[in-house]
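A short worksheet on the structure shown next.
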Amino acid sequence: MPIRRPLAFLAAAAAFAGLVIGGSGGASASPALTAGAQPTYYVSLGDSLATGFQPDVHQDTNLGYTDKLFAQLKKTDANLRHIKLGCTGENTVTMIKGGICTYKDSANKTVSQLNKAVDFLKVNGAQVKFVSLNIGGNDLGACFQQGAVNIACSLEALRTVDTNVAKITSAINTASSATTHLAGANSFNPFVVTFVSGSAGQQTAFITAGFLQSFNEIVARHYARSHFSLADFAKAYASFAFTPDVDAPPLGRVPTNVAKLCELTFVCGPLQDIHPNPNGHQVLADAMRPAL
């Protein structure tokens with residue numbers, strides 16, 4: 001199992017060698033592209049969050065958190081390339097087995113997203129500097145439909161996520177080099193919006209929060225076991241903050257988590273879609289950056 005070298009150690013070593021490494025929020029200019037230098041890679045994995053899907057244009061875009069994160073990372077490495085492997089609609093089963101998006105590995109074999117990632121990591125070794133992952137939201141989200149929670153479905157989804165995220169994170173960790181930084185995200189709760197639909201909707205919101213907490217505990221456990229740092233998307237979206245109430249026109253006074261969801265996604269607008277808007281993706285990128 002690869003042993004991760006702390007980023008601070010690597011930064012110190014680079015400074016000792018005479019390199020300048022700027023922070024993600026620093027004003028340092030991007031280093032000049034070195035003639036003949038080998039490229040380095042940021043590999044992003046996941047579902048429609050990773051692809052930057054935007055419902056207003058009905059397609060994947062370059063406005064997603066992985067694209068925004070790449071722009072931040074590239075400021076300190078002009079040779080960095082983004083290998084964007086996410087797949088809109090992906091769940092933990094299809095990530096392992098395929099079935100939605102198709103990929104070709106280095107032997108030109110059609111493989112799943114996970115197998116493509118494993119192949120790329122093995123082929124490119126230490127040239128892969130960063131890997132980010134978000135997966136499993138579609139497993140659980142399939143059980144939250146039309147303002148209601150299917151309890152049996154949700155419990156089965158959690159068991160599936162538990163089994164599959166263990167496989168996914170272990171495979172990525174095993175294939176990656178010891179200097180590759182791995183980060184995995186938990187999930188924010190796009191379903192707390194039901195809170196504004198009366199007492200039944202409020203009960204549904206609390207139920208979804210309970211299942212989301214279980215989901216996030218499961219993925220965090222597997223991230224830790226496979227040497228992934230955790231990006232806390234739930235905290236970034238204040239998903240568990242049912243108090244205090246705040247003003248959120250035109251909804252009026254609503255819990256903090258509902259207001260934040262309306263601000264950062266399309267769910268409270270005419271599209272009524274749970275995907276993050278560009279500002280919401282920036283918040284996710286900012287949550288992922290410290291984990292790398």
Next on the checklist: What are the ³J(HN,Hα) couplings of segment 116-132, residue after residue, when phi is run through the Karplus curve with 6.51, -1.76, 1.60 and θ = phi - 60°? Round to Hz, x for glycine and proline.
Outcome noted: 5, 4, 4, 4, 5, 5, 5, 5, 9, x, 5, 5, 7, 8, 9, 9, 10
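Can you give the net charge of the other residues whose Cβ lies under 11 Å from the Cβ of residue 50, counting K and R as +1 and D and E as -1?
Local charge sum for residue 50: -3.
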Checklist entry - Just how far, in whole angstrom, is segment 142-212 from segment 234-284 if you go by their alpha carbon centroids? => result 18 Å
Checklist entry - By a straight-distance test (C-alpha under 22 Å), which lysines pair with residue 74 as possible cross-link partners, with residues fewer than eight away in the same chain excluded? => result 84, 129
Next on the checklist: Going by amide H atoms built from the backbone, whose H comes under 5 Å of the H on residue 227, apart from near neighbours?
Outcome noted: none
Checklist entry - Expressed as an acute angle from 0 to 90° and rounded to the nearest 10, what is the orientation of the C-alpha long axis of helix 278-288 relative to the principal long axis of the chain? => result 60 degrees
Checklist entry - For residue 271 and residue 245 in the same chain, what is the full-extension length gain: residue separation times 0.36 nm, less their Cα-Cα distance, in nm? => result 6.9 nm
Checklist entry - Which pairs break 26 Å Cα to Cα here: 97/122; 116/260; 104/167? => result 116/260
Item to check | Cα long-axis angle, helix 7-16 against the chain (0 to 90 degrees, to the nearest 10) | outcome: 30 degrees
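Counting only DSSP beta bridges with both residues in the chain, what percent are antiparallel, rounded to the nearest 5?
35 percent
What share of the DSSP beta bridges in segment 89-239 is antiparallel, in percent to the nearest 5? Please report the intermediate quantities before stating the final value.
Values: 4 of 11 bridges.
Roughly 35 percent of the DSSP beta bridges within segment 89-239 come out antiparallel.
Using only the Cα atoms of segment 34-99, build the gyration tensor, take square roots of its eigenvalues as a ≥ b ≥ c, and label the shape rounded, prolate or oblate: rounded if a/c is under 1.5, else prolate if a/b is larger than b/c, else oblate. Spell out each step's value before the answer.
Values: a/c = 3.21, a/b = 1.66, b/c = 1.93.
In terms of gyration-tensor shape, oblate.
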Item to check | q = 0.09, 0.10, 0.17, 0.18 Å⁻¹: log10 I(q)/I(0) that the Debye formula gives for segment 141-292, counting C-alpha atoms only | outcome: -0.31, -0.38, -1.01, -1.10
Next on the checklist: Between residue 58 and residue 225, what is the label-point separation in nm under the 7 Å Cα-to-beta-carbon projection?
Outcome noted: 4.2 nm
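With a cut-off of 8 Å between alpha carbons and a minimum separation of six or more residues, what is the relative contact order of the chain in percent? Let's see the in-between values first.
Numbers: 540 pairs, mean separation 54.7, N = 292.
Once divided by the residue count of the chain, the mean separation gives 19 percent.
Using r as the Cβ-Cβ distance of residue 126 and residue 160, and R0 as 30 Å, what FRET efficiency do you calculate, to the nearest 0.05?
Working: r = 33 Å, r/R0 = 1.11.
Efficiency at R0 = 30 Å is approximately 0.35.
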Next on the checklist: Can you compute the radius of gyration and Dmax for the chain, using only the Cα atoms, both in Å?
Outcome noted: 19.5, 64
Checklist entry - Sequence-distant or interchain residues sharing an amide H contact under 5 Å with residue 267, placed H: which? => result 273
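Just so you know, all these numbers are worked out from the coordinates, no wet-lab data involved. Bear in mind that the values here come from a model prediction, so they are computed numbers and not experimental data. As a convention, Cβ positions derive from the backbone with ideal geometry for all residues, glycine included, and neighbour counts pool all protein chains shown.
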